[in-house]
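This report refers to the structure that appears directly beneath it.
The values are calculated or read from the model by the stated rules, or taken from the named source; none is laboratory data. Since the model is a prediction, treat every value here as computed from it, not as a measurement. Because the Cβ atoms are built from the backbone with ideal geometry, glycine has one as well, and the counts that use them run over all protein chains shown.
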Amino acid sequence: MAKKQAGISYEEIVRQVRAHEFKPVYYLMGEEPYYIDRVADFIVEQALTEDERDFNLTILYGTQTTAEDVINAAKRYPMMAERQVVLVREAQGLPRRELLTYYLEQPLASTVLVICHKNGTLDRRTNLAKEIQKAGVLFESNKLYDRELPSFVTSYVRRKGLEIAPDANQILCEHVGADLNRLSSELDKLALAVDQNTKRIDSSLIEEHIGISKEFNSFELVSALATKDVVKANRIVKYFDANPKNFALQPTLATIFKFFSDLMLAYYSPQKSEEGISQWLEQSVWQARRGVLPAMGKYTASKVYTIIGEIRKTDGASKGVGGQKTSDGDLLKELVYTILH
């Protein structure tokens, strides 16, 4: 499921466009380019046939055009088609875009104006924003939180008629992070390689086609720390130290920090059941069962508080705070030892 956006949702726009309920203007803005690109491409795909695009699709770039050019293009009538689409990319670089307000007061019914404004937003208090909301759609695409990525992956593969194992889902999200374009690209790659009999993406498939080890990754390290599996944790740390190309300390620290922060929050959950803690942490029951719940039986709250402080110190040391020159591998070894003992 896609992240709920401010105002109209991605899913609602797709539903309307699929039903050919087009608005005169779509202003797509925000820090997450994935939804902006998907909405813009889907509007073009649904509004015009391939033949109609030759004469009725105009693509402009905000850094290479003017607001006057956009208005002039929008005021043209379609050729041998019901409508035309004017697509403005990189609109964050469009000079004097407030001039679009005058066009939007009386937009042409046969024009679908799509404006893509990435890495920022339009001030909703401006006249331009108000006119967009009157005439069409003002859509804000926000970055997903890390906890929302597994749901995104599950929904994405489900639309392809596939399923993904929970551990494979976590490994992929932890490795790729909140870059939805890259995440969807990796999922497309896996979809082509999946066994058509099982239609299931598992950790072995990820290791084979993306190169993420199903045994030696930050997700498995956190799992070992959660259960205080000293042998497994040290084996993973040793692998990281011996394979620096497959290991980056900062993302690993971020994963460990996130886990122990969630663990600290879990002690404050009003309900200590699996369901209660998973809801409190906004995790799936599977995630809580694998990580936080066993860790609650291994670590006291005071120990977790100390661990969080040690993670911060390790992060600082890795960035040269205190003038230390310890290698990333040794820093991780020291941190894991402190956590486990």
What is the residue count in segment 34-61 for residues that are in contact (Cβ under 8 Å) with a residue 40 or more places away in the chain and not β-branched (Val, Ile, Thr)?
5
Residue list for segment 71-80, filter: hydrophobic (A, V, I, L, M, F, W, C) and within 37 Å of the chain's Cα centre (by Cα)
Ile71, Ala73, Ala74
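For every residue, the table says whether it meets (1) farther than 14 Å from Leu28 by Cβ; (2) within 31 Å of the chain's Cα centre (by Cα); (3) buried (at least 21 other Cβ atoms within 10 Å of the Cβ); (4) modelled with pLDDT of 95 or more.
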site: Val86; (1), (2), (3), (4): no, yes, yes, yes
site: Tyr103; (1), (2), (3), (4): yes, no, yes, yes
site: Leu113; (1), (2), (3), (4): no, yes, yes, yes
site: Arg124; (1), (2), (3), (4): yes, yes, no, no
Scan segment 190-242 residue by residue and report those that are of a type in the set (S, T, N, Q) and either in a helix (DSSP H, G or I) or under 26 Å from Gly329 (Cα atoms) (or both).
Ser203, Ser204, Ser213, Asn217, Ser218, Ser223, Thr227, Asn234
If you go through segment 31-76, how many residues are surrounded by fewer than 17 Cβ atoms within 10 Å (Cβ to Cβ), under 19 Å from Gly136 (Cβ atoms) and of a type in the set (Phe, Trp, Tyr)?
1
Single residue of segment 23-48 satisfying the filter (touching a helix residue (DSSP H, G or I) at 6+ places or on another chain (Cβ under 7 Å), outside any helix (DSSP H, G or I) and aliphatic (A, V, I, L, M)) that is nearest to Gln133 (Cα to Cα):
Val25
With the structure loaded, tell me whether Arg290 is of a type in the set (Lys, Arg) and over 23 Å from Ala248 (Cα atoms) or whether it fails that test.
yes
Which listed residue is among the aliphatic types (A, V, I, L, M), touching a helix residue (DSSP H, G or I) at 6+ places or on another chain (Cβ under 9 Å) and more than 21 Å from Lys303 (Cβ to Cβ), from Ala242, Ala233
Ala242
Do we find a residue being in a helix (DSSP H, G or I) and under 25 Å from Phe259 (Cα atoms) anywhere in segment 125-141?
no
Scan segment 225-236 and give yes if some residue there is at pLDDT 90 or above, hydrophobic (A, V, I, L, M, F, W, C) and not assigned by TED's automatic domain parsing to the domain that holds Asp262, otherwise no.
no
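Residue-wise test of (1) under 17 Å from Lys258 (Cβ atoms); (2) assigned by TED's automatic domain parsing to the domain that holds Leu265; (3) at pLDDT below 85; (4) under 29 Å from the mean Cα position of the chain (by Cα).
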site	(1), (2), (3), (4)
Ser284	yes, yes, yes, yes
Ala288	yes, yes, no, yes
Gly291	yes, yes, no, yes
Gly297	no, yes, no, no
Lys303	no, yes, no, no
Glu310	yes, yes, no, yes
Gly316	no, yes, no, yes
Lys319	no, yes, no, yes
Thr326	no, yes, yes, no
From Glu163, Glu82, Glu140, residue being more than 17 Å from Leu60 (Cα to Cα), in contact with a Lys or Arg (Cβ under 8 Å, 6 or more places away or on another chain) and not aliphatic (A, V, I, L, M):
Glu163
Any chance segment 190-208 includes a residue that's free of Cβ contacts under 8 Å to residues at least 24 places away in the same chain, crowded, with 19+ Cβ neighbours inside 10 Å and more than 20 Å from the chain's Cα centre (by Cα)?
no
Scan segment 243-259 for residues that are in a helix (DSSP H, G or I) and touching a residue at least 24 places away in the same chain (Cβ under 8 Å) and jot them down.
Pro244, Asn246, Leu249, Gln250, Pro251, Thr252, Leu253, Thr255, Ile256, Phe257, Lys258, Phe259
Test Glu163 against the stated conditions and say whether it is surrounded by 14 or more Cβ atoms within 10 Å (Cβ to Cβ), closer than 19 Å to Ser261 by Cα and acidic (Asp, Glu).
no
Of the conditions (1) touching a residue at least 60 places away in the same chain (Cβ under 8 Å); (2) assigned to a loop (DSSP other than H, G, I, E, B), the single one that Lys325 does not satisfy is (1)
